[in-house]
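See structure below.
The values are calculated or read from the model by the stated rules, or taken from the named source; none is laboratory data. It should be emphasised that the depicted structure is a prediction, and the values quoted were computed from it without experimental measurement. FYI the Cβ positions are ideal-geometry reconstructions off the backbone, even for glycines, and counts take in every protein chain you see. For accessibility, only protein heavy atoms count, side chains too; no ligands or nucleic acids. Shrake-Rupley method; radii C 1.70, N 1.55, O 1.52, S 1.80 Å.
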Amino acid sequence: MSQPGVPASGGPQPGLQAQNGAPSASGSPYANGPVQNALMSSHMSVSQGYNSQLPGSYPHLIPAKTSSPLSAQSNYGGSQGSGQTFHRPPVALNPMTPSLHSGPVPRMPLPNSQNPAAAPMPSGSFLPGANPPPPSNWQYNYPSTGSQQTNSCPPGAQPPVSGNTNLTTNQQYVSSGASSHQNSFIKSGPALPSRNPPLPTPFQPGAPPGPPPAGGPPVRAPAPQKLSHTASPQPLFHSAVNQEATSQLTNKNPKMNRSVGYAYPSLPPGYQNTTPPSGTGMPPSSLNYPSGPQAFTQTPLGANHLTASMSGLSLHPEGLRVINLLQERNMLPSTPLKPPVPNLHGDIQKLNCNPELFRCTLTSIPQTQALLNKAKLPLGLLLHPFKDLVQLPVVTSNTIVRCRSCRTYINPFVSFLDQRRWKCNLCYRVNDVPEEFMYNPLTRVYGEPHRRPEVQNATIEFMAPSEYMLRPPQPPVYLFAFDVSHNAVETGYLNSVCQSLLDNLDLLPGNTRTKIGFITFDSTIHFYSLQEGLSQPQMLIVSDIEDVFVPMPENLLVNLNESKELVQDLLKTLPQMFTKTLETQSALGPALQAAFKLMSPTGGRMSVFQTQLPTLGVGALKPREEPNQRSSAKEIHLTPSTDFYKKLALDCSGQQVAVDLFLLSGQYSDLASLGCISRYSAGSVYYYPSYHHQHNPVQVQKLQKELQRYLTRKIGFEAVMRIRCTKGLSIHTFHGNFFVRSTDLLSLPNVNPDAGYAVQMSVEENLTDTQLVSFQSALLYTSSKGERRIRVHTLCLPVVATLNEIFLGADVQAISGLLANMAVDRSVTASLSDARDALVNAVIDSLAAYRSLVLSNQQPGLMVPFSLRLFPLFVLALLKQKSFQTGTNARLDERIFAMCQVKNQPLVHLMLTTHPSLYRVDNLSDEGALNINDRTIPQPPILQLSVEKLSRDGAFLLDAGSVLMLWIGKNCAQNFLNHVLGVQNYASIPQPMTDLPELDTPESARTIAFISWLREQRPFFPVLYVIRDESPMKASFLQNMVEDRTESALSYYEFLLHIQQQVNK
């Protein structure tokens, strides 16, 4: 199989199609469809938050850009430079690689030393420190590559790969003679003077570049050692994945010498004759392209505008505000919180990756690990790489242009030294521009490599050529395994699932090669032969669960088109076949083994429906939950009781099989053990507690809606993902559902658009020689149509040298999301109380660092930078979230499911379940409403999560992600009761009420439009509960009031006082 980030050398590009290449009806060149022999760049829609531009002409095409291929934002250098070489004196390396510990540690005083690495660790914190005492601290900087993988095989199972994903070296920028324009790629702003005043260097076309900087030309370091597969009990991987792995290994990413590169001449003047495009979706005719090849001069980024990243402050004066949270507690904005914008030159930022796809916890990257350690903030990335996009540029070409050294894909943040050479923004190697890349089919102009879609879009998809495959792309294969024990039949789930399958059979992603199969199990395993020609499906029963075999394997997974009638017959009869069963046992383990044997020749997706604790055969489990121990933070069984499910998941991963688990159970089912089957095979877990077709109709509705999404959403098979970053940065821990192969290659047998991932990073080498770093994720997958594709996201961020700038660019949501992932790991490896302590200490340590190292005058109160004004609130919300709360409310499986969600959800959904949104909805109006497809969607302000904000005469909607609760006050206006709820008075509101009637009133239309719009924002289906004051659901509504005190947790004000006391110690 091929790897995402590192296919062999070439790759296609002659036609650029839009999302998934669907042919467009209109035939217009900018529709979502393939264009013969033309690269077509379709633009991300506004709703996706993209600002992507048509490859247009920028008055100054950004020359030298360094970005690291991991994060989702990019920075470019605005190029009208004032002709200068930018030299930074090399700085001594001070890499730090403290190790990760998990265990209680005495709290440490704040380090005053220059190098906090030498200081002892704070107790239970996520912070970095060298050689800390016993483990109970999270450290933000772990040892680099591969030292601590979250989801990987047991130690020894991962062959080490020398860390060649991230390479950095010095860079010099030289601008072409004209010094009339100032060049800034970091926005200019009021603060610090620029460093390293540049030296003017005239550029004479045709003349060789000036002498190399001291230190001579780059020298190759010895190639890293090859992978040794000796000690690895990894499963065999066949399919395109290995190719990513092998090409990754053979490319040897040489380490560049520190004084890399001469002062290169920059991009030619042809780039200055053009005017910038005015908008996103302009027709090609409105772009002024110079006709024919132009002389090549690109003014590079000069250093003269390197003013501190205080910039942006002219636009956001509040960015510099220091806030006393004890006096200004109500900092929650009334509209959804937006991610901070990196402090980059506008031309670079508009090409940057959409933060919904790729964002970093710090939008300003510290120059050194020592500086990062001082800030006490975690450095990491949050990704949503396969998100559904309204439009996506798709490139078909014979040549995929990649760096010959580190295998980075060409992207908007590379620099063109001239028409024939480009410099990698990750390892700084200079590469040749292939001949084919010189022609831009969009503009039909030769000699404009900088205007091709690959260099104009931070998110792009390539159609991969054959060298990215180790075997022909697999067909879409779907296998369903149903628990049919007495318990399962009682719940009535088979009716819903089989009906959903019947309704969506024609919508399953695939083509004429799609295969489907079914298995049912109780104490025995039942296969169903669906061979073409049979008059009805045949059941084959295997009762030997000790040594499972697959009877007639060729007739059990059948072509869906050829056997559709038999499949429909089976789905209609299955729910009735077991109604009289008395079989109470469940042989889930043997059924999974049988399903694995059936699917391993091809790979595919296995969907398993289970309603109880498995009791027979391998993988049988015993009840471990003790209800009266729920409240103690030490006890609980968060770890698997057997490694059977993890081992089977790794076998599945090796054969490109992902397992999705649907758990529909009223009793304890040990999700901690069962969930491993999905976690390590890149599947997902769905949990429906107390599912019953009669007693719990709301869960039936939820299952049907979520199944519809699950069955019809797009899917990628036999995928691998690699994340690369600029030299000097390294990745050390991954979070999400996958198996980590070869230190930085994530194996994803299936990838779906609803899965998120997170990684932790450290600064291994000082970044003093560069002003920008980049991150790039590359996901190689097989589409359901059998095409091999590579989706690439590139993010560019500035490098800063002061603590103030780091705090200024902190992304509080991304920080909270990364800490939540780290806290789940800590709960499992240490204890829940350790994880809770570490979360609190993360706030204390960062705010104490800000107070002691950044604030000049020590004022009383809890002083925080504007960027972190919501940090204590979000951490308090995490402490009250089901994953980490104490108290007897959380059932063990529900807690484990919440932890699975933290690890697998994109950041936007994770934040909503952590800190829900509260709206007043009895007075909705059209003021400020959105207009979407002729629908008017009211936008009420978001309120703080406190009972203080509720009033008896109103109606309040709480959006907690997976559930919506509409609380009706006792004195709610009669108008709302009549026109929205359709009832005469408060007492006649039915309980339970889970739907709003569609009434012919403007109030009803507005309320339903708002709730429908909220539901459309997410892939899962939030159930609606209408709650009266005396309703039993009121307790769970009030539990979401994060700012109020609960039986086991502080109120927000009490929490702030605690934080202040610790910070001011």
Lys338: which lysines have alpha carbons under 17 Å from its alpha carbon, excluding same-chain residues fewer than 8 sequence positions away?
Lys350
Order 874-881, 1027-1034 from most to least packed using the mean count of other Cβ atoms within 10 Å.
874-881, 1027-1034
For labels at Ala1035 and Leu505 in the simple 7 Å Cα→Cβ model, what's the distance in nm?
4.6
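Using Cα-Cα distances under 8 Å and only pairs 6 or more residues apart, what relative contact order does segment 940-994 have, in percent? Walk me through the numbers before you get to the answer.
Details: 48 pairs, mean separation 12.2, N = 55.
About 22 percent, as a whole number.
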Dipole magnitude (debye, nearest 20) for segment 316-386, charges at Cβ of Lys, Arg, Asp, Glu
180
Any aspartates and glutamates whose Cα falls less than 16 Å from that of Lys714, other than same-chain ones fewer than 8 residues away, would be Asp388, Glu461, Asp506, Asp660, Glu706, Asp754, Glu787
What is the log10 of I(q)/I(0) for segment 440-570, computed with the Debye formula using one identical point scatterer on each Cα and no solvent, at q = 0.10, 0.13 Å⁻¹?
-0.52, -0.70
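Using a 10 Å cut-off on Cβ atoms, rank the peptides 946-954, 685-693 from the highest mean neighbour count down.
685-693, 946-954
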Computed label-point distance, nm, for sites Lys580 and Glu565 using a 7 Å Cα→Cβ extension:
2.9
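If you roll a 1.4 Å probe over the heavy atoms of the protein chains, what accessible area per residue do you get for segment 828-972, in Å²?
33
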Rank by packing, highest mean first: peptides 359-370, 547-558, with packing defined as the count of other Cβ atoms within 10 Å averaged across residues.
359-370, 547-558
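Find the relative contact order for segment 968-1032 and round it to a whole percent, using C-alpha pairs within less than 8 Å whose residues are 6+ positions apart. Show your work: numbers first, answer last.
On the way: 65 pairs, mean separation 25.0, N = 65.
Worked out over segment 968-1032, it gives 39 percent.
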Proximal aspartates and glutamates to Lys970, defined as alpha-carbon separation beneath 17 angstrom and excluding residues fewer than eight positions away on the same chain
Asp922, Glu948, Asp953, Asp1029, Glu1030
I want the local charge near Val980. Using Cβ-Cβ distances under 9 Å, sum +1 for each Lys or Arg and -1 for each Asp or Glu among the other residues.
-1
Want the number for His693 to Arg444: 0.36 nm per residue separation, take away the alpha-carbon distance, what's left?
83.6 nm
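Can you tell me the FRET efficiency between Glu328 and Glu894 if r is taken as the Cβ-Cβ distance and R0 is 45 Å, rounded to the nearest 0.05?
Working: r = 35 Å, r/R0 = 0.79.
The value I calculate is 0.80.
Going down the table (Lys515/Lys705; Lys597/Lys882; Lys572/Lys622; Lys727/Lys880), which pairs top 32 Å between alpha carbons? Write out the running numbers ahead of the final one.
Numbers: Lys515/Lys705 24 Å; Lys597/Lys882 37 Å; Lys572/Lys622 34 Å; Lys727/Lys880 39 Å.
In this structure, Lys597/Lys882; Lys572/Lys622; Lys727/Lys880 lie more than 32 Å apart at Cα.
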Just grab the label-to-label distance for Asn971 and Arg624, each label 7 Å out from Cα along the Cβ direction, in nm (one decimal).
5.2
